[in-house]
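Colleague: Dumping the structure here so I can ask a few things about it.
The values are calculated or read from the model by the stated rules, or taken from the named source; none is laboratory data. Model, not experiment: these values are computed from the prediction. Quick reminder, even Gly has a Cβ in these numbers, built from the backbone with ideal geometry, and neighbours come from all protein chains shown. Only protein heavy atoms, including side chains, enter the accessible area calculation; ligands, DNA and RNA are left aside. Shrake-Rupley method; radii C 1.70, N 1.55, O 1.52, S 1.80 Å.
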Amino acid sequence: MLSIPLGPIALPLTPVLLFGSAWLASALAGGLARRGEGPSAGVEAATRAQRASRGITQAVLIGLLAARLAHVLQNLSAYAAVPWAVLDLRDGGWHALAGYAAGLAWLAGRAWRAPELRKPLAAGSAAGLMAFVGGQFATDPPIGEGPPNVVLQRLAPTGSAAGPSIGPGTPASLTLAQALEGRPAVVNLWASWCGPCRAEMPALAAAQQRHPDVAFVFVNQGESATVVRDWLSRSGLPLREVLLDPDRSLGGAIGSRGLPTTVFYDVKGRRVDAHFGQLNAAAIEAAVRQLRETSSPGRP
């Protein structure tokens, strides 16, 4: 699951898990640190609880900063072209291992300087990590999963009387796996009424032009061929490989009812990554780089 539907909107699951896990870790560390005995235990316990909770919060913030910086440095050429994108945290660009290492290193330093906080910080951080990692493991489709067996329709060009087919002998319907045709692929779920979809589409269209060896497949969710063609005509975007999903089956199959959602598949059709929300040009370039690395010859 990539998103949590809430009526007409959807929330990205990972930030919700992160904030919930951080709150759990902070509350547990503060509660354990609050235990004390003696006449002055109340004041001292409250101070310890604040320090323990603050230590968890600082560790989370430092971990996020390190994860972001590590991702940007790893994809410096992509972000150098659009430096402002470094501040666009919606793009999902995080280096998880760097974040975990930095956050735990901060906690270790705090515990070394304050022995009375060692057990609360250890228990709180362990609970928070278990909640976050466990939540992701329980809700995310496994990496390496193939494209779902959802039947899609081809979009006919403007003025075509051939329905959703695009030429003689071309099947009107196909599965997502057939659309990928053994290529590394960026599969974008979108709709013309979705503001973030429209905002990211120029960057995706430009990337499709720059990387002809990568399949950029645009799967419209729930709109008619007429609506899609009209919007494409008004936008002036030279999109190729536009497919229709009238029943919005693909979103549910990949675990995201919200838009936009983008899924990345390697040359063997295995899911490499997925993102709910708007992507910028730097994030797209970083994702294409990862696709090429996972699809290079000799990779298992």
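Colleague: Tell me the residue from 173, 165, 160, 235 that is open to solvent by 10 Å² or more (accessible area, probe 1.4 Å), under 28 Å from the mean Cα position of the chain (by Cα) and either of a type in the set (Gly, Ala, Ser) or modelled with pLDDT of 95 or more (or both), please.
Modeller: Of the residues listed, the single one that is open to solvent by 10 Å² or more (accessible area, probe 1.4 Å), under 28 Å from the mean Cα position of the chain (by Cα) and either of a type in the set (Gly, Ala, Ser) or modelled with pLDDT of 95 or more (or both) is 235.
Colleague: Looking at the structure I just gave you, is residue 90 basic (Lys, Arg) and under 24 Å from residue 293 (Cβ atoms)?
Modeller: Values: basic (Lys, Arg): yes; under 24 Å from residue 293 (Cβ atoms): yes.
Answer is yes for this residue.
Colleague: Here's another thing I want to ask about it. Search region 1-21 for residues being under 11 Å from residue 276 (Cα atoms) and outside any helix (DSSP H, G or I), and hand back the single one that is most open to solvent (accessible area, probe 1.4 Å).
Modeller: 1
Colleague: Just checking, how many residues over region 108-156 are closer than 17 Å to residue 31 by Cα and over 27 Å from the mean Cα position of the chain (by Cα)? Explain how you work it out, then say what you get.
Modeller: Pass one, region 108-156, residues closer than 17 Å to residue 31 by Cα: 111, 114-128.
Now narrow it down to the ones that are over 27 Å from the mean Cα position of the chain (by Cα): 111, 114-123.
Summing the residues that are closer than 17 Å to residue 31 by Cα and over 27 Å from the mean Cα position of the chain (by Cα) in region 108-156 gives 11.
Colleague: Also, quick follow-up: Name the one entry in 189, 204 that is of a type in the set (A, V, I, L, M), part of a helix (DSSP H, G or I), modelled with pLDDT of 95 or more and within 19 Å of residue 254 (Cβ to Cβ).
Modeller: Numbers: 189 fails: part of a helix (DSSP H, G or I).
Among 189, 204, only 204 is of a type in the set (A, V, I, L, M), part of a helix (DSSP H, G or I), modelled with pLDDT of 95 or more and within 19 Å of residue 254 (Cβ to Cβ).
Colleague: State whether one or more residues within region 83-92 are farther than 19 Å from residue 279 by Cα and without any contact (Cβ under 8 Å) to a residue 60 or more places away in the chain. Spell out how you get there, then give the answer.
Modeller: Taking region 83-92 and keeping what is farther than 19 Å from residue 279 by Cα, we get none.
No, there is no match, as no residue in region 83-92 is farther than 19 Å from residue 279 by Cα and without any contact (Cβ under 8 Å) to a residue 60 or more places away in the chain.
Colleague: Consider residue 290 against the criteria (1) at pLDDT 90 or above; (2) within 20 Å of residue 74 (Cβ to Cβ); (3) in a helix (DSSP H, G or I); (4) of a type outside the set (D, E, K, R): it satisfies all of them except one. Which criterion is unmet?
Modeller: (1)
Colleague: Next question. Count, please, the residues in region 23-49 that happen to be within 18 Å of residue 127 (Cα to Cα), in a helix (DSSP H, G or I), open to solvent by 50 Å² or more (accessible area, probe 1.4 Å) and modelled with pLDDT under 95.
Modeller: Final tally of qualifying residues: 1.
Colleague: Among (1) small (Gly, Ala, Ser); (2) under 24 Å from residue 88 (Cβ atoms); (3) open to solvent by 40 Å² or more (accessible area, probe 1.4 Å), where does residue 66 come up short?
Modeller: Against the list (1) small (Gly, Ala, Ser); (2) under 24 Å from residue 88 (Cβ atoms); (3) open to solvent by 40 Å² or more (accessible area, probe 1.4 Å), residue 66 comes up short only on (3).
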